[in-house]
Amino acid sequence: METAAAALALPRSDTDAPRILVAALRALAQLAPARQSEALAKSAAEIACRVLEMRGASNAASTEQCRTQALQLLKALARRVPALIGQQAIVAAATASFLVSKDDAPSVDDLDDISAPALAGRDCLRTLARVAPTVVLPIVFDAAQVASQSSDAMDRAAAVHALVFSLCGAREAPSGWAAPLARALGDRAVWVRQAACEGAASLAEALRQGPVTT
């Protein structure tokens, strides 16, 4: 924890800071769940969320590595010690993961070429929704509703991906869950339509059968 905090405090011009931070976060992902300490688990979750808010690192690759490792730390905490990190940390983690799930620089030549933080963010949402669906799903649905109104196609696509991964994790769907997907299928942007098509296929396999999902 001290090493991670110290790395965060280093100036952005320090090229060693991202490497040190990644190593510290990776160690915390192993140690925090193993120690079964509520204080350590909550502190680890807090510092991971702080990393996800980082801006202006010395280079994009270092920033991506830090964010990816922070998301993996949050995923490990949510999967192994959800009761220790508490609802407040889960809310913060879900909010941060939603924001990171947007791919800021998608490839126009390969729609499947997705940045590591975006993939990690979506995967983290799936884990969070599995352990706390009643907390995470409303957060994601509200954020996705706002993002779906954006003029930026990547915001709209990210909202669909976030919804799909969260629903896949929860395996249960609230009433009206399909409406955002249906709207996305008619979007003018190919990234949004692709997200909706892939999402529908994934949800067909992941959701439990029932009156709402059918």
Is it true that some residue in the stretch 62-84 is modelled with pLDDT of 85 or more, surrounded by fewer than 15 Cβ atoms within 10 Å (Cβ to Cβ) and more than 16 Å from the chain's Cα centre (by Cα)? yes
Identify, from the list 187, 155, the residue that is acidic (Asp, Glu), farther than 23 Å from residue 90 by Cβ, within 18 Å of the chain's Cα centre (by Cα) and in the same structural domain as residue 123 (by TED's automatic domain parsing). 155
At pLDDT 95 or above, among the small types (Gly, Ala, Ser), in a helix (DSSP H, G or I) and not assigned by TED's automatic domain parsing to the domain that holds residue 140: does that describe residue 6? no
When only residues in the stretch 139-152 that are surrounded by fewer than 14 Cβ atoms within 10 Å (Cβ to Cβ) and not hydroxyl-bearing (Ser, Thr, Tyr) count, which is nearest to the chain's Cα centre (by Cα)? 142
Return yes or no: is residue 192 under 14 Å from the mean Cα position of the chain (by Cα) and at pLDDT 90 or above? no
Is there any pair linking a residue in the stretch 192-205 that is surrounded by 14 or more Cβ atoms within 10 Å (Cβ to Cβ) to one that is of a type in the set (D, E, K, R), with Cβ under 7 Å and at least six apart or on different chains, and which? 192/156; 193/187
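Among 35, 50, 67, which is free of Cβ contacts under 8 Å to residues at least 40 places away in the same chain and either of a type outside the set (Phe, Trp, Tyr) or more than 18 Å from residue 132 (Cα to Cα) (or both)?
Of the residues listed, the single one that is free of Cβ contacts under 8 Å to residues at least 40 places away in the same chain and either of a type outside the set (Phe, Trp, Tyr) or more than 18 Å from residue 132 (Cα to Cα) (or both) is 35.
The values are calculated or read from the model by the stated rules, or taken from the named source; none is laboratory data. What you see is a predicted model; the values in this text were computed from it and never measured. Positions of Cβ are generated from backbone atoms using ideal geometry, with glycine treated the same way; all protein chains shown enter the neighbour counts.
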